[in-house]
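These notes are about the structure you will find just below.
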Amino acid sequence: MQAITDAELEAWHDYEVESRREIVALLRQISEKNQLVRVLIRGEADVCVTSILDVDPDSNTMILDRPVSRDQIQRIVAAGTVRCETSLDKIRILFGAKGLSEISYDGGTALRAELPASLIRLQRREFYRMATPVSNPVRVTIPMPAELGGKLEAFPLADISCGGIAILDNKQVLGTTIGETYVGCRLELPEIGPVMTSLQIRNSLDMTLLNNKTNRRLGCQFVDISRGNLAAVQRYITKLERERNARLAGLV
């Protein structure tokens with residue numbers, strides 16, 4: 001699970017939970033099931049792992065187990081605000097924690113934080129990769145950098161999720177550098193319409209086909225995608241799921 005970014009939090013606004021009762025219930029379930037919580041200090045690459053020891057809505061606080069590293073504790077407290085990621089019944093949960101302080105707890109020390117005012121709850125379906133049609137492939141148009149001619153190039157998709165897409169670059173014209181970002185990409189979704197987003201390369205795989213030709217599959221993450229465009233992607237995935245289910249049921 002990769003650390004969340006500002007762009008992701010904005011894109012996932014539609015999955016935000018703001019009900020205090022529901023937030024408390026979710027955090028308590030995470031605590032009761034001893035789920036590990038990954039903590040990211042903003043602007044830092046290292047991540048520490050903790051767990052939720054207690055949730056107290058009366059004092060509007062929760063208690064986090066202290067990390068092993070004393071240095072991490074000091075940085076977390078100094079940061080004041082951190083980001084947390086965990087899962088509950090295979091559903092990804094993202095939330096922020098602020099007002100952090102070190103306290104005495106149960107014969108040792110722990111971290112106390114304010115309860116989050118909201119959290120993001122992502123169902124498995126939101127990250128489910130859906131294969132796109134082969135006979136009539138969905139395509140994404142990517143503006144090439146000036147050093148590559150500066151023109152528009154269209155690439156067929158292999159699959160799509162609400163986190164990003166996998167594209168097939170059989171001419172191998174795109175770079176494979178992890179983190180390389182292409183701005184102003186246009187994704188044409190049949191019966192849904194165009195989706196504009198930036199794409200960031202996250203992984204690359206060169207494949208040899210049965211005819212001995214090579215193809216390159218690039219996993220790309222959506223960056224700076226708007227809520228409206230993300231909703232359009234979700235509608236298209238739902239459409240593909242509905243069509244697949246109908247085929248499996250023999251209805252088409």
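The values are calculated or read from the model by the stated rules, or taken from the named source; none is laboratory data. Remember, predicted model here, so these are calculated numbers, not experimental data. Note that each Cβ is placed from the backbone with ideal geometry, even for glycine, and that neighbours are counted across all protein chains shown. Surface areas here come from the heavy atoms of the whole protein model, side chains and all, with no ligands, DNA or RNA. Shrake-Rupley method; radii C 1.70, N 1.55, O 1.52, S 1.80 Å.
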For the range 101-136: of the residues being at pLDDT 90 or above and of a type in the set (D, E, K, R), which is most open to solvent (accessible area, probe 1.4 Å)? R112
Could you grab me the full set of residues in the range 140-156 that are assigned to a strand (DSSP E or B) and either touching a residue at least 12 places away in the same chain (Cβ under 8 Å) or hydroxyl-bearing (S, T, Y) (or both)? V140, T141, I142, P143, E153, A154, F155, P156
Complete set of residues in the range 179-193 that are more than 18 Å from P137 (Cα to Cα) and among the small types (G, A, S): G179, G184
Scope the range 73-89; condition over 20 Å from I103 (Cα atoms) and either in contact (Cβ under 8 Å) with a residue 60 or more places away in the chain or among the small types (G, A, S) (or both); matching residues: E85, S87, L88
A careful count of residues in the range 157-178 that are open to solvent by less than 30 Å² (accessible area, probe 1.4 Å), of a type outside the set (A, V, I, L, M, F, W, C) and either farther than 11 Å from V138 by Cβ or in a loop (DSSP other than H, G, I, E, B) (or both) gives 5
Contact list, first residue from the range 234-252 and outside any helix (DSSP H, G or I), second anywhere and at pLDDT 75 or above, beta-carbon distance below 7 Å, six or more apart or interchain, is V252/A246
Tally the residues that are open to solvent by 20 Å² or more (accessible area, probe 1.4 Å), in contact (Cβ under 8 Å) with a residue 24 or more places away in the chain and of a type in the set (A, V, I, L, M, F, W, C), restricting the search to the range 48-66. 1
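At least 2 residues that are modelled with pLDDT of 85 or more in each: list the helices (runs of 4 or more DSSP H) lying fully within the range 1-100 that qualify.
Numbers: elements: 6-11, 20-32, 70-79.
The qualifying helices (runs of 4 or more DSSP H) are 20-32, 70-79.
Could you tell me which residue of the range 185-204 is surrounded by the most Cβ atoms within 10 Å (Cβ to Cβ), considering only residues that are in contact with a Pro (Cβ under 9 Å, 6 or more places away or on another chain) and either modelled with pLDDT under 95 or closer than 10 Å to N229 by Cβ (or both)?
L187
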